[in-house]
Amino acid sequence: MRYGILAFDDVEVLDACGPFEVFSVAARLLGREPAPTELTVTLVSAHPGRSSVVARGGLVLGTHASLEDAPDLDLLLVPGGVTDAVERDARVIEWIAARAATPTIASVCTGAFLLAEAGILTDQRVTTHWEDQAALARRFPRLDVVDGPRWIRQGEVYTSAGISAGIDLALHLVDRIEGGLGTRVARQMDYDWRA
């Protein structure tokens, strides 16, 4: 299984790194089983020719691939943060749109704006960070933007509320690989999972 996380300048650290930690811990646990399941996690840089991004707060994150050489993915997760510039980057939006057939697509926080710009979110029930829900509903009035849930599933497209909610969503996503895996990962992370 190949999981990918989009990374861009001003990405919210926990939006990207929380799910990355969940997926990488899941990969370690799956690798210990008698019939191991291989799970790889790739950070994909939205910026051509760069192998790192500068997240919010100045944290520099190294990436594994660019938009041009990213592998085919079984799951694409689009984190949020300050997304204004990346929303206007036609290359990024086209790349996300071209992945519409990816078996599972998810957003964390304001990553929902990127999925909406790419036409992946159109008229379904979604969520995002509480502070950005009104703006998402105003900009994309066909979406049913709701407050309250940590994450929402519509088909194989998931959206989550803000920042730490991405960890809860990621735990749910790995639990789909193998029932109970989300609980095992949360325990390994010493995390109080809000399933």
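Extending 7 Å from the Cα toward the beta-carbon at both R32 and D74 defines two label points whose distance is 2.0 nm.
What the Cβ-Cβ distance of D123 and T183 gives, at R0 = 25 Å and to the nearest 0.05, is a FRET efficiency of 0.15.
Computed extension length for S66-R194: 42.8 nm, one decimal, from 0.36 nm per residue of separation with the Cα-Cα distance subtracted. Below 8 Å, C-alpha to C-alpha, sequence gap of six or more: please give me the relative contact order for the range 69-165 in percent. Averaging sequence separation for qualifying contacts and normalising by length gives 28 percent for the range 69-165. Taking a span of 18 Å or more along the helix axis (Cα atoms) and a mean Kyte-Doolittle hydropathy of at least 0.5 as the rule, the DSSP H helices of the chain that qualify are 13-31. The simple spin-label model puts a point 7 Å past each Cα toward its Cβ; for V13 and D144 those points are separated by 3.7 nm. DSSP beta bridges fully contained in the range 107-195 are about 50 percent antiparallel.
Backbone geometry of the range 49-58 corresponds, through the Karplus equation with coefficients 6.51, -1.76 and 1.60 at θ = phi - 60°, to 3J(HN,Hα) couplings of x, 10, 9, 8, 10, 10, 6, 4, x, x Hz, x marking Gly and Pro.
When a 1.4 Å probe is rolled over the protein heavy atoms, the share of accessible surface on the chain that falls to carbon and sulfur comes to 48 percent. Once the 1.4 Å probe is applied to the protein heavy atoms, the range 91-195 comes out at 45 Å² accessible per residue.
The range 146-194 and the range 52-82 have Cα centres lying 19 Å from one another. Normalised by the number of residues in the chain, the mean separation of alpha-carbon contacts (under 8 Å, six or more apart) gives a relative contact order of 21 percent.
For the range 1-47, the set of trypsin sites (Lys or Arg not before Pro) satisfying both a DSSP loop assignment and a count of at most 14 other C-beta atoms within 10 Å is given as R32. Amide hydrogen proximity for L43: with H placed 1.01 Å from N in the peptide plane, the residues at 5 or more positions away or on another chain lying under 5 Å are I5, H64, A65. In the chain, the DSSP beta bridges split such that about 30 percent are antiparallel, to the nearest 5.
When every alpha-carbon pair in the chain is counted, what percent end up more than 26 Å apart? So the portion of pairs separated by more than 26 Å is 25 percent. Taking all protein chains together and a 1.4 Å probe, the residues F20, F140 rank F20, F140 from largest to smallest accessible area.
The values are calculated or read from the model by the stated rules, or taken from the named source; none is laboratory data. This one's a predicted model, so the numbers in the text were calculated from it and none came from an experiment. Positions of Cβ are generated from backbone atoms using ideal geometry, with glycine treated the same way; all protein chains shown enter the neighbour counts. Ligands, DNA and RNA are stripped out before the accessible areas are found, and what is left, the full protein with its side chains, is counted by its heavy atoms. Shrake-Rupley method; radii C 1.70, N 1.55, O 1.52, S 1.80 Å.
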